[in-house]
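As structure tokens, the structure follows; a few thoughts come after it.
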Amino acid sequence: MTRLGPPVRVADQLFLAAHDHDTGHLQARLHRSGMALGLAGALLSELVLEARIDVQQGRIVPVNRGPLQDVLGQAILEDVVTELQVAKQPRTVRVWLVYLSHSSVTQVRNRLCFNGILHEVSGRHWWGGAASSYRAVDLNSALGPEAAVHSLLTHDHAPDSTIPAMTFAALADACGLLPRLAWWREQRAGLRRRLDRLRDQLPRAVRELADHTEAAVGDAVVGRR
């Protein structure tokens, strides 16, 4: 049987790291708004890394309308282009984060299922009615993103020190995921310094997306109180 490789897209990695897989079924480590906004920021960052959009004066601007292989990314890019044509001016990052957050969890989960990383398990509620849960097809693949970000933040010469890997780490921090991981709590001070150094190496647009994501998550948490 062919072993599944780790997912390569930022939002896929964030989704998997934001869930505990110990029980055999996905158990969220983050509150819904943090995960949804974090995934929204990750989806936008994927388009930045694909050189399809840019962040200019706090607004999302399409810069290359060429087709993408990823269906979800293509759909978001088309939304950005269409909205610009209708509104006549680019929407702010915050508007796009909120808009995408309404469906980001479901959309990224569906992409992981389509790519064979997750599997839907049918079941029933104890009070009756159909219910579905999800589990990793291959546990090592599902745990790969968490292991990769740990390696990135604890080793000067980590195997994966690419811009996408650094982007994943920055967004995991922005949505509040890193403090939920045991190894972060044990080594927080040193990891924070390394994360800040890695963040400085990111493209400007990605840093801005991480900043806006962190602010949106903060506002959402305050709004829940």
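Quick notes
- Applied to segment 85-92, the Karplus parametrisation 6.51 cos²θ - 1.76 cosθ + 1.60 on θ = phi - 60° returns per-residue 3J(HN,Hα) values of 5, 7, 7, 6, 8, x, 7, 6 Hz, with x for Gly and Pro.
- Per residue, segment 88-204 exposes 54 Å² of solvent-accessible protein surface, assessed with a 1.4 angstrom probe and all protein chains in place.
- Split the accessible area of the chain by element, probe 1.4 Å, and carbon with sulfur accounts for 51%.
- Whole-Hz couplings from phi, Karplus 6.51/-1.76/1.60, listed for segment 184-193; x for Gly and Pro: 5, 5, 6, 10, 4, 4, x, 5, 4, 5
- Counting 0.36 nm for each residue step from residue 25 to residue 196 and taking away their Cα separation leaves a gain of 58.3 nm.
- Theoretical ellipticity at 222 nm over the chain - DSSP helices of four or more residues, -39500 (n - 2.57) apiece, nearest 500: -18500 deg cm²/dmol
- In Å, descending, principal axis extents of the Cα set of segment 32-82: 32, 28, 20
- Solvent-accessible ranking of 217, 8, largest area first, probe 1.4 Å: 8, 217
- Residue 99 - accessible surface, heavy atoms, 1.4 Å probe, Å² rounded to 10: 110 Å²
- In order along segment 18-25, the phi-based Karplus estimate (6.51 cos²θ - 1.76 cosθ + 1.60, θ = phi - 60°) of 3J(HN,Hα) comes to 7, 10, 8, 10, 5, 7, x, 10 Hz; Gly and Pro are listed as x.
- Here the relative contact order of the chain, from alpha carbon pairs under 8 Å that lie six or more residues apart, stands at 29 percent.
- Listed residue (106, 11, 217) projecting farthest to the positive dipole end of the chain, Cβ model: 217
- Averaged over residues, the count of other Cβ atoms within 10 Å places the peptides 174-181, 12-19, 24-31 in the sequence 12-19, 174-181, 24-31, highest first.
The values are calculated or read from the model by the stated rules, or taken from the named source; none is laboratory data. Predicted model, so just to flag it, every value in this text is computed and none were measured. Neighbour counts run over all protein chains shown; Cβ positions are idealised from the backbone, glycine included. These accessible areas exclude ligands, DNA and RNA; they are computed on the full protein's heavy atoms, side chains included. Shrake-Rupley method; radii C 1.70, N 1.55, O 1.52, S 1.80 Å.
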